[in-house]
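Notes for the one structure printed next.
The values are calculated or read from the model by the stated rules, or taken from the named source; none is laboratory data. These figures come from a predicted structure and were not determined experimentally. Here the Cβ is made from the backbone with ideal geometry for all residues, glycine too, and neighbour counts use every protein chain on show.
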Amino acid sequence: MPDPLVETVIAALAEVKHVPAERISIDSTFAELNVDSLDAITLLFELENRLDVVIPDEAAKSAGSVRDVVEGLRGLIAGGPGRPASPPASASQ
């Protein structure tokens, strides 16, 4: 079953890199796709707009693959629009 978040990330990256979405998979790395810093910033803004989230700079810098982006976005989305996810209750004890 297709994952809508994965499809959104792949579609945005395909648009940024001007390549067919079929060339990108969840396991694609930014190195394989020749994603440079400008591409990464463009992708960041595109995903923020499409998903109504704010992606922290440190999270964006640590992403090196499509999977990294998807997993990071899942955490942001779980926290609600425009804000990062809260840490688990056990982390604050």
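Points worth noting:
- Filter result for Val16 (modelled with pLDDT under 95, aliphatic (A, V, I, L, M) and over 10 Å from the mean Cα position of the chain (by Cα)): no
- Enumeration of residues in the range 42-69 that are surrounded by fewer than 19 Cβ atoms within 10 Å (Cβ to Cβ), closer than 20 Å to Ser25 by Cβ and within 9 Å of the chain's Cα centre (by Cα): Ser65, Arg67, Asp68
- Filter result (under 15 Å from Ala78 (Cα atoms) and either part of a helix (DSSP H, G or I) or touching a helix residue (DSSP H, G or I) at 6+ places or on another chain (Cβ under 6 Å) (or both)) within the range 47-58: Glu48, Leu51, Val53, Ile55
- Residue in the range 24-38 that is modelled with pLDDT of 95 or more, under 12 Å from the mean Cα position of the chain (by Cα) and among the aliphatic types (A, V, I, L, M) present: yes
- Count - residues of the range 59-71 that are in a helix (DSSP H, G or I) and either more than 16 Å from Leu5 (Cα to Cα) or not aliphatic (A, V, I, L, M) (or both): 7
- Summed over the range 25-41, the residues that are closer than 14 Å to Gly64 by Cβ and either touching a residue at least 24 places away in the same chain (Cβ under 8 Å) or in a loop (DSSP other than H, G, I, E, B) (or both) give a count of 11.
- The one condition from (1) within 12 Å of Val9 (Cα to Cα); (2) exposed (fewer than 14 other Cβ atoms within 10 Å of the Cβ) that Ile24 does not meet is (2).
- Only residues that are crowded, with 16+ Cβ neighbours inside 10 Å and more than 18 Å from Ile55 (Cα to Cα) were counted in the range 6-21, giving 2.
- Subset tally (residues that are closer than 12 Å to Val66 by Cβ and outside any loop (DSSP other than H, G, I, E, B)) for the range 1-15: 10
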